[in-house]
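The values are calculated or read from the model by the stated rules, or taken from the named source; none is laboratory data. As the structure is a prediction and not an experimental result, all values here were calculated from the model. Note: ideal-geometry Cβ built from the backbone for every residue, glycine included; neighbour counts use all protein chains shown.
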Amino acid sequence: MSDIDHAFAAPLARGLYLDAFARPVFLSPTEAGTAPVDALVVELAPGSDAAAEGASAQAFARALSAWREKRASALPGCVLVRSGDSSAAYWPGLSLDEARRRAARRDSAPMLLPPRGEAAAGSARARGGVVDGRIALVTGGAQGFGEEIVRGLASSGALVLVADLNIAGAERLCAALNAEAGRTAALPVAVDVSDEASVAAMFALAAKEAGGIDLVVSNAGVLKASSVLDQELGSFKFVTDVNYVGFFLMSKYAGLLLRRQSRTAPRWATDIVQINSKSGLQGSNKNGSYAGSKFGGLGLVQSYALELVEWRVKVNAICPGNFFDGPLWSDPEKGLFVQYLRSGKVPGAATVADVKAAYEAKVPMGRGCEGPDVMRAIYYLVEQEYETGQALPVTGGQVMLN
Ligand SMILES: NC(=O)c1ccc[n+]([C@@H]2O[C@H](COP(=O)([O-])OP(=O)(O)OC[C@H]3O[C@@H](n4cnc5c(N)ncnc54)[C@H](O)[C@@H]3O)[C@@H](O)[C@H]2O)c1
């Protein structure tokens, strides 16, 4: 018996555990010896090229599904791999020490799968501790990305002021979240971010109701797609007022409040996060007012970051890709998918699903941006103490920084 090529076989075996546990697992190798009780036995395909790799992966998957027919909620405590006259045994553990202990004792007792919630080490919520107990304000929080952000922050223990032009929507969402959480997790606030008096009053209310603020998410935004040759000045100004002027007003009144708070808490870092767009990093055809407002937004982010650093306010932007499952795209009557289907923008598309598939195909990671993707970025920005003035893309690889 000669040695198995661990570089080939071990990653294939480890993948079975990663896939099932959704968390890192360690494997420790030994000689195969006599096949241990309950071991998963896999015969590798000959060779070591990509085709052999694919065929071996299938052999692993087949063996595992047969093994799990009898033990659905467990994974093998040992994987025995054979290839020609070579063989090896792999022993899994949730730490290297545990894997080595199993190997030393040849302990092949099946590993139990953790309950579903615990398998989510990769979930956005796992990082949510950074906002636990913080006071957050999210504009445009009644629906779309804003609602996702409100839900994410509230479920991570923050108090969230849900600020929206649509006050009825904000109230409904807050009532549902408070009932779910069994605590005051969210408070509705009416605001028009393009109106100075309204924004000033909102921050005054936040100070009165909660004492101050730790995190401001400037998310409210609008889009009026139009050719530069056709767009009415009023439509251009509407987009600019909400997306660009709105961020100025938000930063002005958030900044005034945060400066006051910082005077007596000079070591307490706070955050202004602008929800920008991939269209803030790359031009958008027949959508110039939107892309221009978003590019401009990054100029404000950088400038305010330089100024407000004195008060330990970090100012950063998140640039998400398209949120295909949100109302902007998926609303059955006025969503962009229906509009693009009707206008024939995607050649050959016969259904909304065809249009969606065509847009998903433009994303290297093959899907739209979702709430948890944005939440991970928010948690990162809040946690990071040594970064400000940045634009963080969350685009599945569709737009990359230069
Ligand atoms: N949907 C996407 O695909 C996408 C992609 C990248 C970035 N974004 C950005 O994410 C943010 C949210 O977009 P969305 O698609 O979830 O939007 P949406 O249209 O689904 O929701 C926007 C919310 O903002 C509120 N709002 C609009 N104007 C307001 C104002 N003047 N004052 C206060 N509230 C106002 C609306 O009532 C609504 O609740 C925007 O800044 C948008 O540019 C969206």
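Say whether the condition of being assigned to a helix (DSSP H, G or I), over 19 Å from Val216 (Cα atoms) and not small (Gly, Ala, Ser) is met by at least one residue in segment 358-371.
yes
Contact list please: Cβ distance under 7 Å, first residue in segment 274-296 and within 18 Å of Ser251 (Cα to Cα), second residue more than 10 Å from the ligand (Cβ to nearest atom) and among the polar types (S, T, N, Q), pairs at least six apart or on different chains.
Ser293/Thr240
Which of the residues that make up segment 154-188 are more than 15 Å from the ligand (Cβ to nearest atom) and not in a helix (DSSP H, G or I)?
Ser156, Gly157, Ala158, Leu159, Gly182, Arg183, Thr184, Ala185, Leu187
For segment 361-369, indicate whether the set of residues that are under 30 Å from Ala269 (Cβ atoms) and either away from the ligand (no atom under 15 Å from the Cβ) or assigned by TED's automatic domain parsing to the domain that holds Val138 (or both) is non-empty.
Among the residues of segment 361-369, at least one is under 30 Å from Ala269 (Cβ atoms) and either away from the ligand (no atom under 15 Å from the Cβ) or assigned by TED's automatic domain parsing to the domain that holds Val138 (or both), which makes the answer yes.
In segment 91-112, which residue that is of a type outside the set (Gly, Ala, Ser) and within 15 Å of Ala20 (Cβ to Cβ) is surrounded by the fewest Cβ atoms within 10 Å (Cβ to Cβ)?
By that ranking, first place goes to Leu112.
Tell me which residues, restricted to segment 134-148, are under 16 Å from Val193 (Cα atoms), within 8 Å of the ligand (Cβ to nearest atom) and in contact (Cβ under 8 Å) with a residue 60 or more places away in the chain.
Of everything in segment 134-148, those that are under 16 Å from Val193 (Cα atoms), within 8 Å of the ligand (Cβ to nearest atom) and in contact (Cβ under 8 Å) with a residue 60 or more places away in the chain turn out to be Thr139, Gly140, Gly141, Gln143, Gly146.
Can you pull out the residues in segment 212-259 that are assigned to a helix (DSSP H, G or I), of a type in the set (D, E, K, R) and either away from the ligand (no atom under 14 Å from the Cβ) or in contact (Cβ under 8 Å) with a residue 24 or more places away in the chain (or both)?
Asp241, Lys252, Arg259
When you go through Leu328, Leu341 one by one, which is the residue that is within 15 Å of the ligand (Cβ to nearest atom) and part of a helix (DSSP H, G or I)?
Leu328
Yes or no: segment 269-284 includes at least one residue that is closer than 20 Å to Ala207 by Cβ and not in a strand (DSSP E or B).
yes
Can you pull out the residues in segment 231-254 that are among the small types (Gly, Ala, Ser) and surrounded by fewer than 20 Cβ atoms within 10 Å (Cβ to Cβ)?
Those that are among the small types (Gly, Ala, Ser) and surrounded by fewer than 20 Cβ atoms within 10 Å (Cβ to Cβ): Gly234, Ser235.
Restricted to segment 273-315, and to residues that are within 24 Å of the chain's Cα centre (by Cα) and among the polar types (S, T, N, Q), which residue is nearest to the ligand (Cβ to nearest atom)?
Residue satisfying both the conditions and the ranking: Ser277.
In contact (Cβ under 8 Å) with a residue 12 or more places away in the chain, in contact with a helix residue (DSSP H, G or I) (Cβ under 9 Å, 6 or more places away or on another chain) and of a type in the set (A, V, I, L, M, F, W, C): which single residue out of Leu205, Leu173 fits that description?
The unique qualifying residue is Leu173.
Yes or no: Val346 buried (at least 16 other Cβ atoms within 10 Å of the Cβ), more than 16 Å from the ligand (Cβ to nearest atom) and either at negative phi or within 16 Å of the chain's Cα centre (by Cα) (or both)?
For Val346, the condition - buried (at least 16 other Cβ atoms within 10 Å of the Cβ), more than 16 Å from the ligand (Cβ to nearest atom) and either at negative phi or within 16 Å of the chain's Cα centre (by Cα) (or both) - is met.
I'm trying to understand the selection: among the residues of segment 53-107, which are acidic (Asp, Glu) and either assigned to a strand (DSSP E or B) or over 23 Å from Asp5 (Cβ atoms) (or both)?
Matches in segment 53-107: Glu69, Asp97, Glu98, Asp107.
Quick check on segment 328-343. Is at least one of its residues surrounded by fewer than 16 Cβ atoms within 10 Å (Cβ to Cβ), of a type outside the set (Phe, Trp, Tyr), within 25 Å of the chain's Cα centre (by Cα) and within 17 Å of Gln143 (Cβ to Cβ)?
Yes - at least one qualifying residue is present in segment 328-343.
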